[in-house]
Amino acid sequence: MTAPDDSPLAYRNAHFIDSDEARPLRILAEYLAPLEAFRRERIHDTIVFFGSARITPDGAFGRYYEEARELARLITEWSKRLPSHLHRYIVCSGGGPGIMEAANRGASEAGGRTIGLNIGLPFEQRPNAYVSHGLSFEFHYFFMRKLWFAYLSKALVVFPGGFGTFDELFELLTLTQTEKLAKRICIVVYGKDYWDRVINFQALVDAGTISPKDLQLFHWANTSEEAFEYLRADLTTHHMEQWSPRDQEPEIAKTRP
């Protein structure tokens, strides 16, 4: 008599799921799980905050922590007053400490939902306590995390940061410059004194490596009130459509044909 086959179903086989051959399934899971959560929570679009994980309230750059917190609070209080059955302009961060924590904290203190797209790293990156229940996501693949930053975003606020912040800023600037997204993303670069010391944007124009008009892809802001007023005006002008109760889907970014 042949013994019964006790092999588990492939999708319940932990050894297989963790294998090289199943990598496409793991990548797909990091797309589908957030998508299901955003649909369930009726989240339509986001305002993404980038910035250093190393900035603390009492550190040398502590003012940026408090200003990110204040800006997130202003955005959330405004978005909660919008007449929509969907959750609009939800503050989203990388889910970790520093500027990410400040953004989630400000939104939470305003009584709003807030998203954390976390990723496992050897240091620094631990989920902060201010991300809303059900909206904290852990990613393994950086590129899938980046996809979700861009997918729902209608605006991006970039505070002082290091390599990771540079990477995320220039990723979105490149997508905007090359018109790969079929929607407008408002980009605010916060703290001109810091950025002028670390990146000479005008030198890129002078060298001919970018066009003068590329400097119009983003807007400078030096206070939370200035950033908020610019964001509110841009979002009102470009994204304040009228919504029907039948609209249930997140506003997913489309690439151009």
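Observations on the structure shown:
- Top-ranked residue in the stretch 68-115 [being surrounded by fewer than 24 Cβ atoms within 10 Å (Cβ to Cβ) and hydrophobic (A, V, I, L, M, F, W, C); ranked as farthest from the chain's Cα centre (by Cα)]: Leu82
- Matching entry among Ser244, Ser211 (being more than 24 Å from the chain's Cα centre (by Cα) and modelled with pLDDT under 95): Ser244
- Here the stretch 178-200 is the region considered, the condition is being over 20 Å from the mean Cα position of the chain (by Cα) and over 13 Å from Val158 (Cβ atoms), and the residue that is surrounded by the fewest Cβ atoms within 10 Å (Cβ to Cβ) is Asp193.
- Just one of the numbered conditions (1) farther than 30 Å from Ala221 by Cβ; (2) modelled with pLDDT under 95 is not true of Ala33: (2).
- Against the list (1) within 19 Å of Tyr194 (Cβ to Cβ); (2) in contact (Cβ under 8 Å) with a residue 40 or more places away in the chain, the condition Asp58 fails is (2).
- Meeting the requirement of 3 or more residues that are more than 21 Å from Tyr141 (Cβ to Cβ), in contact with a helix residue (DSSP H, G or I) (Cβ under 6 Å, 6 or more places away or on another chain) and not charged (D, E, K, R), the helices (runs of 4 or more DSSP H) wholly within the stretch 1-86 are 62-80.
- Any hit, the stretch 113-122, residues being at pLDDT 95 or above, of a type in the set (Gly, Ala, Ser) and not in a loop (DSSP other than H, G, I, E, B): yes
- Here the stretch 135-187 is the region considered, the condition is being among the small types (Gly, Ala, Ser) and part of a strand (DSSP E or B), and the residue that is farthest from Phe49 (Cα to Cα) is Ser136.
- Residues that are buried (at least 22 other Cβ atoms within 10 Å of the Cβ), within 21 Å of Ser153 (Cα to Cα) and in contact with a Pro (Cβ under 9 Å, 6 or more places away or on another chain) occur at least once in the stretch 28-42.
The values are calculated or read from the model by the stated rules, or taken from the named source; none is laboratory data. On a predicted model such as this, the values are computed, not experimentally measured, just so you know. Counting neighbours? That spans all protein chains shown, and the Cβs are built from the backbone with ideal geometry, glycine included.
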